[in-house]
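Values quoted throughout were computed directly from the atomic coordinates according to the rules given, and no laboratory measurement underlies them. Owing to the predicted nature of the structure, the values given are computational and were not obtained by experimental measurement. Neighbour counts are summed over all protein chains in view; Cβ atoms, including those assigned to glycine, are modelled from backbone coordinates with ideal geometry.
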Amino acid sequence: METFKQHWPEYLMEAAELGLFMVSAGMFTCLFEYPGSPVHQVIPNADLRRLLIGIAMGVTAASLIYSPWGKQSGAHLNPAVTLTFYRLGKIDRLDAIFYVLFQCLGGLAGVVLVMLLLGNIFTQPPINYIVTVPGQLGWIAALLGELTIAFIMMMMVLLTSNSRKLSPYTGGFAGGLVMLYVFLEAPLSGFGMNPARSLASALPAQIWTAFPLYVVAPLTGMFFAAALYQSRLGRHAVKCAKLNHHTHKRCIFHCDYQRQSEFDLSDRLLQ
């Protein structure tokens, strides 16, 4: 309870951030993909519509990371990110548990809000709660896609957030990857990469197709990226669990910024 009393603002921020991301995802998907939408009718090319959705979601992700809430909570928005930083020793166990819990609650709240606002437009095909299910190439392609995008995302976060030159741009890189993932990878798996995001859609939709894949693959991909990063740079190469540490907001993590020379190891790897 002491941990909760001290850190509850960060937990609520994580819930709100993923909730807002899910609202944005639901709204923009309906705007571009609902057959009755004027935008859908004006843009008949499915690839172009998916690219525009990707741009919208990339901007949403970057905006949340650089927002005041994102600067304080660290803008994980994803249990796989939180648990990877816990594995790296940057988060206390109770904080990690509460982060994961509130991320799941926030994502679900976002989906329910869109459901209440848009009704059947959001809940019926082709939108179908924006649930993540394997594409036409099947679950193996979806598994490989989820593993790959999770690995690349976490490796990018570790390389840039621990680099003196690149750390201010971590949020921009993350938004750019989200845009590319929606455009390029979504046809394979629906672009999950986030167990809380997949749960938020699957629970109200009651569609659990290959759901374990969307839990295990993001965790595995990000854990592998963290292990590879540490194997190259050592146990103390990760300075903090925040994606954006260029802020005066408090930090509740095991933060080394005040005690060590910042970024040197990651900068060496990038040279």
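Annotations for the structure displayed:
- Cleavage-rule hits (trypsin sites (Lys or Arg not before Pro)) in the range 23-131: DSSP loop, at most 13 neighbouring Cβ within 10 angstrom: none
- Helical contribution to [θ] at 222 nm, DSSP H n ≥ 4, -39,500 (n - 2.57), averaged over the chain, rounded to 500: -21500 deg cm²/dmol
- Counted over the range 38-162 with a bin width of 5 Å, the fraction of Cα pairs per bin, in whole percents, is 2, 8, 11, 19, 21, 17, 12, 6, 2, 1.
- Within the range 130-205, trypsin sites (Lys or Arg not before Pro) in DSSP loop having at most 14 other beta-carbon neighbours inside 10 Å: R164, K165
- With R₀ set to 45 Å, the beta-carbon distance separating E2 from L228 gives a calculated FRET efficiency near 0.80.
- Legend: calculated FRET efficiency, W208 to L116, from the Cβ-Cβ distance at R0 = 22 Å, rounded to 0.05, equals 0.45.
- Lys pairs, the chain - Cα-Cα below 20 angstrom, 8 or more residues apart or on other chains: 14
- Put in order of Cβ neighbour count within 10 Å, fewest first, the listed residues F183, F4, F191 become F4, F183, F191.
- Cβ-Cβ FRET estimate between Q124 and L48, R0 fixed at 22 Å, reported to 0.05: 0.40
- Where trypsin sites (Lys or Arg not before Pro) fall in DSSP loop in the range 210-249, at most 13 other Cβ within 10 Å: R235
- Estimated dipole of the chain in Debye, rounded to 20 [Cβ of Lys and Arg +1, of Asp and Glu -1, Cα centre]: 560 debye
- Relative to one another, the C-alpha centroids of the range 30-79 and the range 113-136 are positioned 15 Å apart.
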